[in-house]
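Taking it in order: structure first as structure tokens, then the write-up.
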Amino acid sequence: MSDNDWKARLGVVYSTDPDFKYDNGEAEEPETLAPERQRLRIALDRRNRKGKQVTVVSDFVGSEDDLKELCKRLKTKCGVGGSAKDGVIVIQGDLRAKVAELLTADGYKARVI
């Protein structure tokens, strides 16, 4: 094995661009803002869910780990299921008021749409 084996794994052999940077697929996660600086939107969604209602919390700025931790806390407090991905938390059921109350108690600026 030579020193350039990592280049072969990236699928790039040669580039004529002098400013070319090898992309190893690791994207930097944004730094998680403090709760008082977050402006979260809470909405009810029924589209593409076979008539079921879900509460959607969007506009979270931060790492996926912090998002999943917040989602877990909301799911536990509400006693329902849900998921978190790409800055959006989905909580099963119409729990807009309770989610807004919980987020406000944690110091987030939450707005029900």
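Coordinate-derived values only; no laboratory data. As the structure is a prediction and not an experimental result, all values here were calculated from the model. Neighbour counts are summed over all protein chains in view; Cβ atoms, including those assigned to glycine, are modelled from backbone coordinates with ideal geometry.
For the pairs 21/68; 72/109; 52/75, flag any whose C-alpha to C-alpha distance is greater than 26 Å. Please list the in-between numbers first.
Values: 21/68 31 Å; 72/109 19 Å; 52/75 17 Å.
Checking Cα-Cα distances, 21/68 exceed 26 Å.
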Could you pull out every residue, at least 5 positions away or on a different chain, whose amide H is within less than 5 Å of the one on residue 63? Hs are placed 1.01 Å off N in the peptide plane, and Pro or chain starts have none. 32
Could you go through region 74-87 in sequence order and give the Karplus-derived ³J(HN,Hα) for each residue, using 6.51 cos²θ - 1.76 cosθ + 1.60 with θ = phi - 60°, rounded to whole Hz, and x for Gly and Pro? 5, 4, 5, 5, 8, x, 9, x, x, 8, 9, 6, 6, x
List the residues whose amide H sits under 5 Å from the amide H of residue 112, counting only those 5 or more places along or on another chain, with H placed 1.01 Å from N in the peptide plane. 42
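What does the charge count around residue 59 come to, taking other residues whose C-beta lies under 13 Å from its C-beta (Lys +1, Arg +1, Asp -1, Glu -1)? Mind dumping the intermediate values first?
Values: positive: 37, 39, 41, 109, 111; negative: 86.
Net charge around residue 59: +4.
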Karplus 3J(HN,Hα) series, Hz, for region 32-40 with 6.51 cos²θ - 1.76 cosθ + 1.60 (x for Gly, Pro): 6, 6, 5, x, 6, 9, 7, 10, 8
If each of residue 16 and residue 48 carries a label point 7 Å out from its Cα toward its Cβ, how far apart are those two points in nm? 4.1
Can you list residues whose amide H is under 5 Å from residue 95's amide H, if they're 5+ apart or on another chain and H is modeled 1.01 Å from N? 55
Residues other than residue 32 with Cβ under 9 Å of its Cβ, Lys/Arg counted +1 and Asp/Glu -1, net out at -4
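For residue 41 and residue 88, compute 0.36 nm times the residue count separating them, minus their Cα-Cα distance, and round to one decimal in nm. Don't jump to the answer; show the numbers that get you there.
On the way: separation 47, 0.36 × 47 = 16.92 nm, distance 0.97 nm.
Using 0.36 nm per residue and subtracting the Cα-Cα distance, I get 16.0 nm.
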So, in nm, how far is label residue 58 from label residue 31 when the simple model puts each one 7 Å beyond its Cα toward the Cβ? 2.7
